[in-house]
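Input: a single structure, listed below in structure tokens.
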Amino acid sequence: MLDPAPSAPGPTPNPMRFSCHKAELLQAVQIATRVLPSQTSEPLFLNLLLTAESGTLSVYATQHQVSLRRQMPIEMGEAGKVSLPGALLSDILQQVQTSRSEGVDFSVDSERRIKITSEGAHYRLAGIDPEGFPELKEPGADKSLVVPGALLRDLIKRVVVVNSAAGGASYDEVLFEVRDATLALVATDSVRLAAARHAVAAGSPDVDVRLPLVTLAELGKILPGEGDVQVNFGSHQVSFSFAQTVYVARTSDKSFPNYRSILPKDHPRFATVDARALGDALKGVAPLARVNKHRVRLHVESNRLRITSTSQEVGGEAERLVDAEVKGDPIELSFNSRYILDFLGVCDSEKVKLGVTAGSLPATFRPEGADNDYVYLLMPINL
């Protein structure tokens, strides 16, 4: 993905000048800086590359695992390119938003001195030689998939939840799989697995790649709510193109668990409950659960879930009741309540369905009516 140019000094730069809407420029820069690492031993990766030509500004950011290019229309003065610290430019443009003008003027002189001005706001800083900046390499479109941006964003949201603060040790990878015109995203850690899938266009190519979980999580934050995303698959990378943005991620060679063999085929017990009521009940026992590593007990009874939490440390017990439609014999299980709340935060359903086989085997949580689209597998805590 990264092809560094030779490190020899570049030619004397030509002046560069353009004007644009300041809010659009800030948005482009903020999206690009999401790619920049918080810490790195290679200062180059903390910079953005700005290229102005033919009435278009390209804002480009890159690092080892991911690259991003965002384009926007500008009023051209003189074509050119310059590199500068991304975080600093973002901070400056946020302050420029308080100026009285809707526009901003950006110029670079022959000594790479940058001037950013808007009505009542003036900034000057030193630019960086752009010649050593790595180029953006995109995979071809020979193997590609088109998917609605809102759908892809929702699938990502449902699986990256396993990397939340409540989670255990993650595999740090997400399986991105297309098989028989169905797109599936799967993520897992030591105690839970999330799998979300949806039908895609007939004739879509079968693919099976692994992407860093954090890379996919960042993509989910910038995907549009409208319009399509074109996904191109290369030998070692995947690109996502949408809304004048290209996001290129390097794939992983790590193996991924056979998730189909992990998912239970069926459960002898089911409990269907109101999602909000379940969440309120879990939060209701949280004061005692917190002092017991967030451990709660779910008592599946004839027509309800009884949720309890006890703490020997403080000598207390909490209990909340939730109405439920129950199929099968009563059973008692123990879970980390925060893991269930993670699921409830992304399930987008009024009711959820809990499937149980035994107190020592994984349980499944699903939005009601979407049994084949999203499943959240959770290991119980031994009683």
Excluding residues fewer than 8 positions from residue 115 in its own chain, the aspartates and glutamates with Cα under 13 Å of it are 105
Kirkwood Rh for the range 296-383 from C-alpha pairs, in Å, is 13.8 Å
One can check that the equivalent ellipsoid of the range 168-229, built from the alpha-carbon gyration tensor with semi-axes equal to the square roots of five times its eigenvalues, has lengths in Å, largest first, of 22, 16, 10
So the pair-distance distribution of the range 144-261, from every Cα-Cα distance in 5 Å bins, comes to percents of 2, 12, 23, 27, 21, 10, 4, 1
One point scatterer per Cα, no solvent, Debye formula: log10 I(q)/I(0) for the range 73-178 at q = 0.22 Å⁻¹ comes out as -1.14
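Can you check what the net charge comes to around residue 77, using other residues whose Cβ is under 11 Å from the Cβ of residue 77 (Lys, Arg +1; Asp, Glu -1)?
On the way: positive: 17; negative: 75, 78, 105.
Neighbourhood net charge equals -2.
If one computes P(r) from the Cα atoms of the chain, what percent of pairs lie at distances over 30 Å?
Working: 37028 of 73153 pairs.
Tail of the P(r) past 30 Å holds 51 percent of the pairs.
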Between residue 207 and residue 23, the two model label points (7 Å from Cα along the beta-carbon direction) sit apart by a distance in nm of 3.4 nm
Among 292, 248, 128, the residue whose Cα sits farthest towards the positive end of the charge dipole of the chain, when +1 is placed on the Cβ of each Lys and Arg and -1 on the Cβ of each Asp and Glu, is 292
Candidates 127, 359, 316; GNM for the chain (alpha-carbon contacts under 10 Å) flags as most fluctuating 316
When the charge dipole of the chain is computed with +1 at the Cβ of Lys and Arg and -1 at the Cβ of Asp and Glu, the Cα pointing farthest to the positive end, of 227, 365, 114, is that of 365
Between the alpha carbon centres of the range 328-368 and the range 68-96 the gap in Å comes to 47 Å
If one compares the long axis through the Cα atoms of helix 149-159 with the longest principal axis of the Cα atoms of the chain, the angle in degrees, nearest 10, works out at 50 degrees
Label model pair residue 54, residue 78: point-to-point distance (7 angstrom along the Cα→beta-carbon line) in nm is 2.2 nm
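Could you give the size of the charge dipole of the range 2-136 about its Cα centre, using +1 on the Cβ of each K and R and -1 on the Cβ of each D and E, expressed in debye and rounded to the nearest 20?
On the way: 11 positive and 15 negative charges, 55 e Å.
The dipole magnitude comes to about 260 debye.
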Sorted largest first, the C-alpha extents of the range 2-136 along its principal axes in whole angstrom are 40, 31, 24
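Just want to confirm a number: the relative contact order over the chain, from Cα pairs under 8 angstrom separated by 6+ residues, in percent. Kindly include the intermediate steps, with their values, before the conclusion.
Working: 886 pairs, mean separation 50.9, N = 383.
RCO, the chain: 13 percent.
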To the nearest 10 degrees, the tilt of helix 275-284 (Cα long axis) against the first principal axis of the alpha carbons of the chain is 80 degrees
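Can you compute the equivalent ellipsoid semi-axes for the range 224-383, i.e. the square root of 5 times each eigenvalue of the Cα gyration tensor, sorted largest first and rounded to whole Å?
Numbers: eigenvalues 252, 66, 59 Å².
Equivalent ellipsoid of the range 224-383: 35, 18, 17 Å, largest first.
Every number in this text was worked out from the coordinates using simple rules, so none of it is lab data. Fair warning: this is a prediction, and the values are worked out from it, not measured in the lab. Every residue, glycine as well, gets a Cβ built from its backbone with ideal geometry; the counts of neighbours run over all protein chains shown.
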